[in-house]
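Structure record follows, encoded as structure tokens.
The values are calculated or read from the model by the stated rules, or taken from the named source; none is laboratory data. Quick caveat, the model's predicted, so the values are computed rather than measured. Cβ atoms come from the backbone with ideal geometry, glycine included; neighbour counts cover every protein chain shown.
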Amino acid sequence: MKNVRFDRRTALAGSALAVWSLAQSQSGSDAANQPERDEIWDLHTHLSGVPGKTPVERAGQLLEYADRLHIDRLCIYMGMPWSREPKPDDLKRENDQILEVLARYPDRFLGFAYVSGAHPEASLAEVERLIADGPMVGIKLWIDRHCREEAFDPLIERVAALKAAIFQHTWFRTPGSPDPTPPGESTPDDLVALARRHPQVPLICGHTGGTWELGIRAVRSTPTISIDLAGSDPTAGIVEMAVRELGAERIIYGSDAGGRSFASQLAKVYSADLPTRERRLVLAGNLRRMLAPILQSKGMRV
């Protein structure tokens, strides 16, 4: 048999083309004759990596890309540029940038407040300003403090009481990687420790821990933790393994745009061997179910 070269670049090009082709087949003058298209909610987008001088300009550029692939709603958080070790003033500045986006595009973007376990009082104040008294529907925690620490508890309890989403960046660093581990970066194991102290609170494991095989196994026994598909290469098998180990109800599509492309991340889902029902849970149904209580309480479209 003749050898066929099949590398990651070939796979990515093919899967991205498949996503583009699907989008084209679900649009155009004969759309009425096409099957009902999948609704898509993207859990994970940023203002970084996108052209534009203002938050609104960058958000508009994100929507231009998202519209090509029929992405309906986008969760967005952190500013331009974002702070790796934010002080309280940094949190407020970046959250204000997201407020600008929400004011301009209230029907397309869902805002998460950027908060920090290193500044619990300031973060609680931002939760009150932005979620309790404002339009945001979740929080984003990044890398400045391990989320297993008890300093997070008052923040988690307040956000849970508001029925808002709790999204924690996680990463398992590969031994020998040239990228140093940030001192406060959480792993999926840290998130599991947090979940054990708050057993009724839904949590989202950002990036599935980067090294997704390890991340899936780390959270498998903690049913209140869902995983975010965003950020890693569109490797064949990630979604199938996640469904097999966690169930389709615990998997949420996200892109990490503009750090990653919408098409490459959607390719993980569309290339997976999934029944239609499970694919639609991953693409929108699970996130919509998670956010429905707070959207309803704010009178926002679900």
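Here are some notes:
- Sole exception among (1) crowded, with 16+ Cβ neighbours inside 10 Å; (2) modelled with pLDDT under 95 for Glu85, by number: (1)
- Residue that is surrounded by the most Cβ atoms within 10 Å (Cβ to Cβ), among those in segment 92-113 that are part of a loop (DSSP other than H, G, I, E, B) and not acidic (Asp, Glu): Arg108
- The one condition in (1) part of a helix (DSSP H, G or I); (2) touching an Asp or Glu at 6+ places or on another chain (Cβ under 9 Å); (3) within 30 Å of Arg104 (Cβ to Cβ) that Ala218 fails to fulfil: (3)
- In the set (1) of a type outside the set (Asp, Glu); (2) farther than 22 Å from Leu62 by Cα; (3) surrounded by 14 or more Cβ atoms within 10 Å (Cβ to Cβ), Leu283 fails one condition alone, (2).
- The residues of segment 177-189 that are outside any loop (DSSP other than H, G, I, E, B) and buried (at least 22 other Cβ atoms within 10 Å of the Cβ) amount to a single one, Pro188.
- Any hit, segment 160-167, residues being in a helix (DSSP H, G or I) and at pLDDT 95 or above: yes
- Residue check for Ala164: more than 25 Å from Ala218 (Cβ to Cβ), touching a helix residue (DSSP H, G or I) at 6+ places or on another chain (Cβ under 7 Å), surrounded by 15 or more Cβ atoms within 10 Å (Cβ to Cβ) and of a type in the set (A, V, I, L, M): no
- Subset of segment 64-82 (residues that are of a type outside the set (D, E, K, R), surrounded by 15 or more Cβ atoms within 10 Å (Cβ to Cβ) and out of contact with any helix residue (DSSP H, G or I) (no Cβ under 7 Å at 6 or more places or on another chain)): Cys75
- Index of the failed condition, Leu266 passing every other in (1) part of a helix (DSSP H, G or I); (2) in contact (Cβ under 8 Å) with a residue 60 or more places away in the chain; (3) aliphatic (A, V, I, L, M); (4) under 20 Å from Gln168 (Cα atoms): (4)
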